[in-house]
Amino acid sequence: GYAGAVAFITDVTEQRQRDTERERLWRMLDESLNELYLFRATDLRFEYVNRGALKNLGFTLDEALALTPVDLKPSFTTASFQARVAPLVEGRETRLVFETEHRRKDGSCYPVEVQLQLMMSGTESHFLAVINDLTDRKKAAQQLAASEARFRTLINQSLDLIILGDGAGHFTW
């Protein structure tokens, strides 16, 4: 008889590189300051919530994974949220962008911009939401509007003639 051994050699270099890249990408997403959510289209349950969202909301990961987007958005019910995402589900839109508010664990709310896509993962549909906190932008817009109102009041109540022009010599006000 013949006794021998059979050996299979597999080069796993490429697989390790892909795994390393995948891990690096997940780390970057998890550390993003934007809030990132992945949730099922069927029951709207969160499957992924990044650290940026957890920090802004004040929830632990386990607490967040027990929630749905409706739990974070006081202006939505399940029915109104499903109506809002219907254009994605029906294929009439590829992306939705809208403003709403998010409610933190402590009950406080803050303005957000929601960018939402519907994605297929095998046979399951998932929503990917990228959330931008608009608190600073809204505050800056309010400060600018208040400053402009004070400026207009000063101009309108002035007894002196005030003429404003641009660099081309045109009167602007």
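The values are calculated or read from the model by the stated rules, or taken from the named source; none is laboratory data. This structure is a prediction, so every number in the text was calculated from the model and none was measured. Ideal geometry is used to build each Cβ from the backbone, glycine not excepted, and the neighbour counts take in all protein chains shown. The accessibility values were calculated without ligands, DNA or RNA, using every heavy atom of the protein model including side chains. Shrake-Rupley method; radii C 1.70, N 1.55, O 1.52, S 1.80 Å.
Remarks
- Segment 9-98, accessible surface, carbon-and-sulfur percent (1.4 angstrom probe): 53 percent
- Rough spin-label spacing in nm, given labels placed 7 Å along Cα→Cβ, for Arg51 and Thr123: 3.7 nm
- Cβ-based net charge around Asp106, under 15 Å, with every Lys or Arg adding one and every Asp or Glu removing one: +1
- Taking 0.36 nm per residue of sequence separation and removing the Cα-Cα distance, the Thr135/Glu113 pair yields an extension gain of 6.9 nm.
- Accessible surface of Val12 - all protein chains present, 1.4 Å probe, nearest 10 Å²: 60 Å²
- Nearest-10 value in Å² for the accessible area of Thr60, using the 1.4 Å probe: 70 Å²
- As a calculated quantity, the FRET efficiency between Ile9 and Ser32 at R0 = 45 Å, using C-beta atoms, amounts to about 0.65.
- Pairwise label distance in nanometres, Glu99 with Thr20, each label 7 Å out on the Cα-Cβ vector: 4.5 nm
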